[in-house]
Structure formats: C-alpha cells, structure tokens
1. Testing GLY8 on (1) within 27 Å of VAL84 (Cα to Cα); (2) under 11 Å from the mean Cα position of the chain (by Cα); (3) part of a helix (DSSP H, G or I); (4) not polar (S, T, N, Q), one condition comes back false. Which one is that?
2. Pairs only if they're at least six apart or on different chains, beta carbon under 6 angstrom, first in the range 19-46 and more than 17 Å from LEU58 (Cβ to Cβ), second surrounded by fewer than 16 Cβ atoms within 10 Å (Cβ to Cβ) and not acidic (Asp, Glu); list them, first residue then second.
3. Confirm whether GLU19 is over 18 Å from LEU3 (Cα atoms) and touching a helix residue (DSSP H, G or I) at 6+ places or on another chain (Cβ under 9 Å).
4. Please go through (1) more than 20 Å from GLU2 (Cα to Cα); (2) part of a helix (DSSP H, G or I); (3) touching a helix residue (DSSP H, G or I) at 6+ places or on another chain (Cβ under 7 Å) for ALA50 and return the number of the only condition it doesn't satisfy.
5. Just to be sure I understand, how many residues within the range 55-74 are open to solvent by less than 30 Å² (accessible area, probe 1.4 Å) and under 11 Å from the mean Cα position of the chain (by Cα)?
Amino acid sequence: MELRDAAGMILAESAPHPELLRASRHAYDEFAAGREVAHPVLTEMLREAARKNLFGVLKSKHGDRAFDDMVVTLGRYIDRQAPVVRH
C-alpha cells in the first residue's frame, strides 16, 4: 500500500474529528506531492484514529487485510524515521 493511500483511509473517515482531519489531510497532501511527513505527525494521526474508534470503521469498510496493510505501511515509515532510544 502506498503511504498516500494509507493516510487517505484515515482521512476519509476523519471529518467528524477536526484535529484528526487536519493531520490526515496534511499527511495525505504531503505524500501525494512526494514529500515526507514527520513521524510525530503520523504517530499522532494513528493514535487519534484509535482514540476516536475509527479502526473498527476502517476494518468494516475496507476489510482486515487493507486495514492491516495501512497500519503496517504507516508503522514502517514511522519506524524508519523515529530516533532509536537506547536505555
């Protein structure tokens, strides 16, 4: 799954949630333009989607496989950017 499509899945369901709408629109637009999105933006976007109970909606609308692909796609991108914390 492309990053733009992953962000677009959340964007399509975020209208009732203004902060999530702004973050997901920003991510979608940046990915569509071929630009990078900072990992904190994407992390918060996923966190807010979970808080707003959108994961169930996304699963029922797109299916488990597409939902999993979306989470894995965004998660891998976040993981590549996030600093490694050593303890």
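The values are calculated or read from the model by the stated rules, or taken from the named source; none is laboratory data. Only a predicted model underlies this, so the values are computations on that prediction, with no experimental measurement involved. Cβ placement follows ideal geometry from the backbone for every residue including glycine, while neighbour counts extend to all protein chains displayed. Ligands, DNA and RNA are stripped out before the accessible areas are found, and what is left, the full protein with its side chains, is counted by its heavy atoms. Shrake-Rupley method; radii C 1.70, N 1.55, O 1.52, S 1.80 Å.
1. For GLY8, the exception is condition (1).
2. If the second residue must be surrounded by fewer than 16 Cβ atoms within 10 Å (Cβ to Cβ) and not acidic (Asp, Glu), the pairs left are HIS39/GLN81; HIS39/ALA82.
3. yes
4. (3)
5. Looking only at that region, the number is 4.
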